[in-house]
Each structure stands twice: as C-alpha cells, then as structure tokens.
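Working notes for the structure below.
Laboratory data are not the source of any read-out in this text; all were calculated from the coordinates shown. The structure presented is a predicted model; accordingly, all values stated were derived computationally and were not measured. Please note: Cβ atoms are built from the backbone with ideal geometry, for glycine as well, and neighbour counts cover all protein chains shown.
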Amino acid sequence: MANQSLLLYLIFSLLLLLLLPSSYQTPEPATPRLSVAHTELTNYGFPVGLLPSDVSAYSINATSGEFSVDLAGACRITLPPDNYLAAYSKRIKGRIVRGKIAHLDGIRVRAFFSWWSITGIRASGDNLVFEVGSVSAKYPSKNFDESPACEGRQHSAS
C-alpha cells in the first residue's frame with residue numbers, strides 16, 4: 001500500500017512538473033520607459049544615457065533652449081568608461097541647442113578626490129565632450145546609449 005501511494009505521488013509530481021513550465025510564465029523584467037526628456041536629447045543630437053532613467057518632469061523653452069529636468073530624487077550613477085561617480089541633483093537645468101548643452105547645473109562628477117560640476121556637454125562627431133570649467137574630457141557617445149538607473153534605488157515602471 002505504501003509503495004502504491006509513493007508511486008502515485010511520484011506520477012502526480014512528474015505530471016505537475018511537465019505541465020508547469022507550459023502554463024506558468026515568469027514575468028519579463030520591466031524595461032525602463034524613456035521620458036520626453038530622453039526623446040528631446042536625441043532630437044538635439046545627444047544619446048539618452050546622459051540622463052538617468054527616473055525622470056519625473058521636463059520643461060523646455062523652445063525659443064531660448066532653457067530647460068529643466070526633475071528626477072524622482074537625487075541620484076548617483078557610475079559613468080562609463082572610467083567608472084567616475086556622478087551625482088545628479090533632483091533638478092537639472094541648462095540651455096540646449098543642436099549638439100551643445102551649456103550653463104548646465106545639477107550634475108557633478110567625482111574625479112581626483114574632488115567633486116566637479118559638469119558645466120557643459122558638446123557632441124563632436126562620435127564623441128561627447130564634457131566641460132568642467134575650462135577643462136574638458138572626451139568620451140565615445142556610444143558609452144551613453146542606454147539610460148542608467150540610479151544606484152541603490154529600484155526603477156519604478158511608471
């Protein structure tokens with residue numbers, strides 16, 4: 001009798017295992033939706049990865065190019081390719097025209113044991129030139145093709 005119960009249990013378990021994969025699907029991971037601000041970046045010749053994925057609001061003056069981007073909160077990300085730590089304020093402001101962002105306020109990068117404000121970004125061929133005061137650094141724009149999630153926070157699929 002015990003052998004029959006064990007046999008029935010094994011058959012039932014086997015059937016369950018065979019049927020489960022076809023009827024149960026694991027949900028796809030939520031892919032971050034890009035905001036209007038990310039779309040605007042591409043319209044001006046920049047990759048979407050210049051902004052984190054959690055943009056909550058965006059406005060631009062079409063005449064002057066002055067813009068502001070609000071994030072869900074202050075944010076830190078690691079910038080490629082040299083793994084610099086970047087800190088984004090809750091609000092980022094500046095002026096954008098085709099291929100150039102100037103008067104940038106709200107993005108700082110940690111380099112050489114200090115925090116430096118990124119004051120401008122220029123598109124130059126396949127590269128981006130980041131301006132920190134009178135100093136600049138050039139990186140391939142392909143390093144910024146994907147919008148990063150803020151470190152230490154879960155991305156909300158709103």
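Taking amide H positions as placed 1.01 Å from N in the peptide plane, with prolines and chain starts having none, which residues 5 or more places from Ile118, or on another chain, fall under 5 Å of its amide H?
Ile107, Arg108, Val109
Of the listed peptides 76-82, 118-124, what is their order by residue-averaged count of other C-beta atoms within 10 Å, with the highest listed first?
118-124, 76-82
Can you list the aspartates and glutamates whose alpha carbon sits under 19 Å from that of Lys93, skipping same-chain ones fewer than 8 residues off?
Filter leaves Glu40, Asp54, Glu66, Asp70, Asp105, Glu131.
Report, by chain and number, residues whose modeled amide H sits under 5 Å from the one on Ala57, excluding near sequence neighbours (fewer than 5 apart, same chain).
Counting only residues 5 or more places away or on other chains, the set is Asp70.
Taking θ as phi - 60°, what are the ³J(HN,Hα) couplings along the range 105-122 by the Karplus curve (6.51, -1.76, 1.60), each to the nearest whole Hz, with x for Gly and Pro?
9, x, 10, 10, 10, 9, 8, 6, 6, 9, 9, 10, 7, 7, 9, x, 9, 10
What is the sum of charges around Leu128, taking Lys and Arg as +1, Asp and Glu as -1, for the other residues whose C-beta is under 15 Å from the C-beta of Leu128?
Neighbourhood net charge equals 0.
Select from the range 70-158 those GluC sites (Glu not before Pro) which occupy a DSSP coil region and have at most 16 other Cβ atoms within 10 Å, ordered by residue number.
Values: sites: Glu131, Glu146, Glu151; in loops: Glu146, Glu151.
Listed in order of number, the matching sites are Glu146, Glu151.
In terms of Cα to Cα distance under 15 Å, which aspartates and glutamates are near enough to Lys138, apart from those fewer than 8 places away along the same chain?
Of all the aspartates and glutamates, those that pass the test against Lys138 - Cα under 15 Å, at least 8 places apart if same chain - are Asp82, Asp126.
Two decimals, Cα atoms only, Kirkwood Rh: what is Rg/Rh over the range 65-158?
Reported Rg/Rh (Cα atoms, Kirkwood Rh): 0.94.
Using Cα pairs closer than 8 Å and at least 6 residues apart in sequence, work out the relative contact order for the range 45-144, in percent. Walk me through the numbers on the way to the answer.
On the way: 205 pairs, mean separation 20.2, N = 100.
Relative contact order here is 20 percent.
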